[in-house]
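Take a look at the structure set out below.
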Amino acid sequence: MISTHSAEEDIPTLLVKIFGKDRPGLTAGLFETLAAFAVDVIDIEQVVTRGRITLCALVTAPPARSGPCSEGELRATVHAWAESARLQAEIISGTGDNPARGTGRSHVTVLGHPLTADTTAAIAARITAAGGNIDRIYRLAKYPVTAVEFDVSGVPTERLRGELAAEAAARAVDVAVVASGLQRRAPRLVVMDVDSTLIQDEVIELFAAHAGCEAEVAAVTAAAMRGELDFEQSLHARVALLAGLDESVVDKVRSEVRLTPGARTLIRTLKRLGCQVGIVSGGFTQVTDALRDRLGLDFAAANTLEIAGGKLTGRVTGEIVDRAGKARLLRRFAAEAGVPLSRTVAIGDGANDLDMLNAAGFGVAFNAKPVVREAAHTAVTVPFLDTVLYLLGITREEVEAADAQG
């Protein structure tokens, strides 16, 4: 709601509420009716759910110069208009405006597939138990997941995030808590992992399939992603198994890469919002450079497979992109983009993404290993990458409207 009067003003006010079947012209009709009584509008809120409208208007009481029966006349006139419009009306007398919202304001985004009443009750109860007040709730998306956002005040964001993380884990639902403020939609930098994040595949396993050593490479990859092996050592061990592959395999692997559902939508929408987007990967530039060009990304960095005499040598060249390297690259990209780290978003799934997720202003664990989910600011457990947009407060309607204009 938008307030134009101080909550401390002790002025007589009327809360006018109408509800019923929605159709064009109802809002104009209510305020045309109220205009005859020379009232000022203090606050308005309108919601339409499944074709039913609820419209609330907080207005000043009619001025005394309107006559001693003006409030009674206003009530009678509004009820008569509502009846003629086949609506119900309720008018409540009082004083002043809404009380000021408490400090510690946050946006709580809940993703459900489906979102159950039981889960919603549990989240709301946790907010209340933490000392928070729910000021507003609205839907961000109805597919591919149901996404709703709670505007909450009265409790510090970090405390609320901790409380709701426990509830989210218990309910197997995704919950993100971010501080409210002007910066939420400011241009930012989004950097994501590639394997099992931007794409559905592990690139080194695609190469390994052509070398006939897929099972051996997959076992080492899984152990590294769980944090059981040093990434650099595991990288060298896996790449060594590729020695002797013809360089023509690179083109074949590029053609086999499958984008994660929602990846194009995420990137396209972020770019329209003025964000810069980058990728960092423990995989290989032979693939990530192609993805950068294909998707119009601003930044890309990965390891590079050494090729000599038309064959893979089984070695990598240049600086290794490992767990620490990803965080270092995030900082480098942010500096080049002119974006403070507090305005960066990192998305990843494996243990080698942890430093990057922790360095970013907002870290998202995407279908991640348990150790990563526990360390990130929030987790997404549905297989749609564009659901990250909802965590940034972007609605599905806004995405679709931008696509239609595009």
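Does Leu140 meet the test of being in contact with a strand residue (DSSP E or B) (Cβ under 8 Å, 6 or more places away or on another chain), assigned to a strand (DSSP E or B) and farther than 23 Å from Glu45 by Cβ?
No; evaluated as a whole, the condition is false for this residue.
If Met356 passes every condition in (1) at pLDDT 95 or above; (2) not in a helix (DSSP H, G or I) but one, which one does it miss?
(2)
From the set of residues in region 36-62 that are in contact with a strand residue (DSSP E or B) (Cβ under 8 Å, 6 or more places away or on another chain) and not in a strand (DSSP E or B), which is surrounded by the fewest Cβ atoms within 10 Å (Cβ to Cβ)?
The residue in question is Gly51.
Would you be able to tell me the number of residues in region 280-321 that are outside any strand (DSSP E or B), modelled with pLDDT of 95 or more and farther than 19 Å from Leu242 by Cα?
10
Here is a yes/no grid of residues against (1) part of a helix (DSSP H, G or I); (2) among the aliphatic types (A, V, I, L, M); (3) surrounded by fewer than 16 Cβ atoms within 10 Å (Cβ to Cβ):
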| site | (1), (2), (3) |
| --- | --- |
| Ala76 | yes, yes, yes |
| Glu90 | no, no, yes |
| Ser93 | no, no, yes |
| Asp97 | no, no, no |
| Ala100 | no, yes, yes |
| Asp118 | yes, no, yes |
| Ala124 | yes, yes, no |
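Got at least one residue in region 149-156 being buried (at least 18 other Cβ atoms within 10 Å of the Cβ), under 29 Å from Gly20 (Cα atoms), under 19 Å from the mean Cα position of the chain (by Cα) and not charged (D, E, K, R)?
yes
When you look at Ala375, is it closer than 21 Å to Gly282 by Cα, over 15 Å from the mean Cα position of the chain (by Cα) and open to solvent by 30 Å² or more (accessible area, probe 1.4 Å), yes or no?
Spelling it out, Ala375 is indeed closer than 21 Å to Gly282 by Cα, over 15 Å from the mean Cα position of the chain (by Cα) and open to solvent by 30 Å² or more (accessible area, probe 1.4 Å).
Of the conditions (1) free of Cβ contacts under 8 Å to residues at least 24 places away in the same chain; (2) crowded, with 16+ Cβ neighbours inside 10 Å, Ala404 satisfies every one except a single condition; which number is it?
Among (1) free of Cβ contacts under 8 Å to residues at least 24 places away in the same chain; (2) crowded, with 16+ Cβ neighbours inside 10 Å, the lone unmet condition for Ala404 is (2).
Quick check on this structure: which one of Phe333, Phe299 is crowded, with 18+ Cβ neighbours inside 10 Å, over 27 Å from Ala208 (Cα atoms) and of a type in the set (Phe, Trp, Tyr)?
Phe333
Pick from region 322-350 the residues that are small (Gly, Ala, Ser) and part of a strand (DSSP E or B): which of them is farthest from the chain's Cα centre (by Cα)?
By that ranking, first place goes to Gly348.
Given (1) modelled with pLDDT of 95 or more; (2) more than 22 Å from Val175 (Cβ to Cβ); (3) open to solvent by 10 Å² or more (accessible area, probe 1.4 Å), identify the lone condition not met by Phe384.
Among (1) modelled with pLDDT of 95 or more; (2) more than 22 Å from Val175 (Cβ to Cβ); (3) open to solvent by 10 Å² or more (accessible area, probe 1.4 Å), Phe384 violates only (2).
The values are calculated or read from the model by the stated rules, or taken from the named source; none is laboratory data. Model, not experiment: these values are computed from the prediction. Neighbour counts run over all protein chains shown; Cβ positions are idealised from the backbone, glycine included. Quick note on the areas: whole protein, heavy atoms, side chains included, nothing else; ligands and nucleic acids left out. Shrake-Rupley method; radii C 1.70, N 1.55, O 1.52, S 1.80 Å.
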